[in-house]
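A.B. asks: Take this structure first; my questions come after.
The values are calculated or read from the model by the stated rules, or taken from the named source; none is laboratory data. Here the structure is a predicted model, which means the values were calculated and not measured. Every residue, glycine among them, receives a Cβ derived from its backbone with ideal geometry; neighbour counts consider all protein chains shown. Quick note on the areas: whole protein, heavy atoms, side chains included, nothing else; ligands and nucleic acids left out. Shrake-Rupley method; radii C 1.70, N 1.55, O 1.52, S 1.80 Å.
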Amino acid sequence: ITAISLAVAAVPEGLPAVVTIVLALGVQRLVKVNTIVRRLPSVETLGAVSVVCSDKTGTLTQNRMTVVRCFSDDESYGISKLAESKDSHFMKGFVLCNDASIEGGRYGDPTEIALLDMGAAHQVSRSGLETAMPRIDELAFDSTRKMMTTKHRMGEGTVAYTKGAPDQVMKHCTHILINDQRRPMEEADRKSIMGAMKEMSLDALRVLALAYRENAEGVKEEDLTFVGLVGMIDPPRPEAKDAVTIFKGASVRTVMITGDHRDTAFAIARELGIAQHEEQCMSGEQLDDMTVEDLTKIVDNLRVFARVSPEHKVMMVKALRAKG
């Protein structure tokens, strides 16, 4: 610093050159650790960070979905035991109620691509099915309903398949399909389904449910018949755990925000060192019953927010800022 001061004092016109050289050397050091800063004030902002709120899928995890477990006919089993003949609605529904493509390139949401891969493993393709069962209507997925529905022509009639978050799909199911026999859903059926869902979630699997309705007017997500569940794995990024550890060392708290089920989110958060206890998790439904002031009182103890919508994210940031 003394040498630079003397150089600038001796030749004041050299100040811009000295500053440029010093900054260039600084940039070279940053590049060596794979960092480039376009706007210097952002460094000051980063230095002031005390909490990082991170999405889960694709950020903390690899976003490479693979179906590994299924549940249908009141039975949980591995993907290798899935048979097209036994699970015709199961296979058709997950492949048809889908906007992705794996033919001529892989396009679309990784979750939907995983479902198409499941079908492809049993020689069932979306293009092949849609030739016989063309899509005639649909209800696109949205973050509030957490479901999507596609309606298809089937012979002389129609069938609509609904897939989405199990807890949301279950709210609209009145019947269940067991061994290709449709019957009214009983409380024991609901307990069995919820048990299978929890078991998958605790193994850090993302769980999707499928239901259908035949020959209904329009596209309605009600009076549905439950078909089954799939559990897919999205492994954590190897570097994510190190990043969380570095943040901890810098007294920066990491908070996970996800649309996934609470159990799935907690399993990943525990593996990454973000959360240690289930009490550190909160769901979107719980947030619905709270105000920002209520959340502010407890937000310091929370590390995982599951099944959230965009407005919940705004609420969380407001609560964190209110705590300074």
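A.B. asks: Could you pull out every one of the lysines with an alpha carbon less than 22 Å from that of LYS81, ignoring same-chain neighbours closer than 8 positions?
C.D. replies: LYS92, LYS163, LYS198
A.B. asks: Give me the percent of the accessible area of segment 1-66 that comes from carbon and sulfur atoms, probe 1.4 Å, all protein chains in place. Let's see the in-between values first.
C.D. replies: On the way: 3440 of 5240 Å².
Answer for segment 1-66 is 66 percent, counting heavy atoms of protein chains only.
A.B. asks: Report which label in (i) 1.13; (ii) 0.97; (iii) 0.94 holds the value of Rg/Rh (Cα atoms, Kirkwood Rh) derived from the coordinates of this structure.
C.D. replies: Answer by label: (i).
A.B. asks: Further question: Taking θ as phi - 60°, what are the ³J(HN,Hα) couplings along segment 213-221 by the Karplus curve (6.51, -1.76, 1.60), each to the nearest whole Hz, with x for Gly and Pro?
C.D. replies: After applying 6.51 cos²θ - 1.76 cosθ + 1.60, I find 8, 9, 6, 9, 6, x, 10, 10, 9 Hz.
A.B. asks: Moving on. Can you sort GLU271, GLU13, GLU130 by solvent-accessible area, 1.4 Å probe, largest first? Mind dumping the intermediate values first?
C.D. replies: Values: GLU271 100, GLU13 145, GLU130 50 Å².
Sorted descending by solvent-accessible area, the residues read GLU13, GLU271, GLU130.
A.B. asks: Sorted by accessible area (1.4 Å probe), largest first, how do ILE298, ILE178 line up? Don't skip to the end; give the middle numbers.
C.D. replies: On the way: ILE298 60, ILE178 35 Å².
These residues rank, largest area first, as ILE298, ILE178.
A.B. asks: Continuing with the same structure: How tilted is helix 310-322 with respect to the longest principal axis of the chain? Cα atoms for both, answer in degrees (0 to 90, nearest 10).
C.D. replies: Roughly 30 degrees, rounded to the nearest 10.
A.B. asks: Probe radius 1.4 Å, ligands and nucleic acids left out: which of HIS312, HIS172 has the largest accessible area, and how do the rest follow? Present the calculation step by step, with values, prior to reporting the outcome.
C.D. replies: Values: HIS312 15, HIS172 65 Å².
So, going from the largest accessible area down, we get HIS172, HIS312.
A.B. asks: How much area per residue is accessible in the chain when the probe is 1.4 Å and only protein heavy atoms are counted (Å²)?
C.D. replies: Spelled out: the 1.4 Å probe surface of the chain, per residue, equals 53 Å².
A.B. asks: Then there is this: What's the angle, to the nearest 10 degrees (0 to 90), between helix 110-120's Cα axis and the longest principal axis of the chain?
C.D. replies: So the inclination is approximately 40 degrees.
A.B. asks: Answer rounded, prolate or oblate for segment 94-231, using the Cα gyration tensor with square roots of eigenvalues a ≥ b ≥ c: rounded when a/c is under 1.5, else prolate when a/b is larger than b/c, else oblate. Walk me through the intermediate numbers first.
C.D. replies: Details: a/c = 1.65, a/b = 1.16, b/c = 1.42.
Oblate, since a/c reaches 1.5 and b/c is not below a/b.
A.B. asks: Here is a follow-up. Which residues' amide hydrogens lie under 5 Å from the amide hydrogen of MET282, considering only partners 5 or more residues apart or on another chain, with H built in the peptide plane?
C.D. replies: Close amide H contacts, sequence-distant or interchain: VAL304, PHE305, ALA306.
A.B. asks: Which one of ARG29, ARG307, ARG126 has the biggest mean-square fluctuation once the chain is modelled by GNM with Cα springs under 10 Å?
C.D. replies: Of the options given, ARG29 has the highest mean-square fluctuation.
A.B. asks: Leaving out ligands, DNA and RNA, what percent of the accessible area of segment 183-289 is carbon and sulfur, probe 1.4 Å?
C.D. replies: 49
A.B. asks: Out of segment 151-222, which trypsin sites (Lys or Arg not before Pro) are coil in DSSP terms and have no more than 12 other C-beta atoms within 10 Å? All intermediate terms of the calculation are to be shown ahead of the outcome.
C.D. replies: Values: sites: LYS151, ARG153, LYS163, LYS171, ARG182, ARG190, LYS191, LYS198, ARG206, ARG213, LYS220; in loops: LYS171, LYS220.
Of the trypsin sites (Lys or Arg not before Pro), the ones in loops of segment 151-222 whose Cβ has at most 12 other Cβ atoms within 10 Å are LYS171.
A.B. asks: For segment 17-51 and segment 175-253, what is the centre-to-centre distance using only Cα atoms, to the nearest Å?
C.D. replies: Cα centroid to Cα centroid, the span is 44 Å.
A.B. asks: Turning to a different aspect of this structure: Can you order the peptides 106-112, 63-69, 222-228, 137-143 by their average number of other Cβ atoms within 10 Å per residue, highest first?
C.D. replies: 222-228, 63-69, 106-112, 137-143
A.B. asks: For LYS151, which aspartates and glutamates qualify as cross-link partners when the Cα separation must be under 16 Å and same-chain residues fewer than eight apart are set aside?
C.D. replies: Within the straight-line limit of under 16 Å, LYS151 reaches these aspartates and glutamates: ASP99, GLU130, ASP137, GLU138, GLU214, GLU217, GLU221, GLU222, ASP223.
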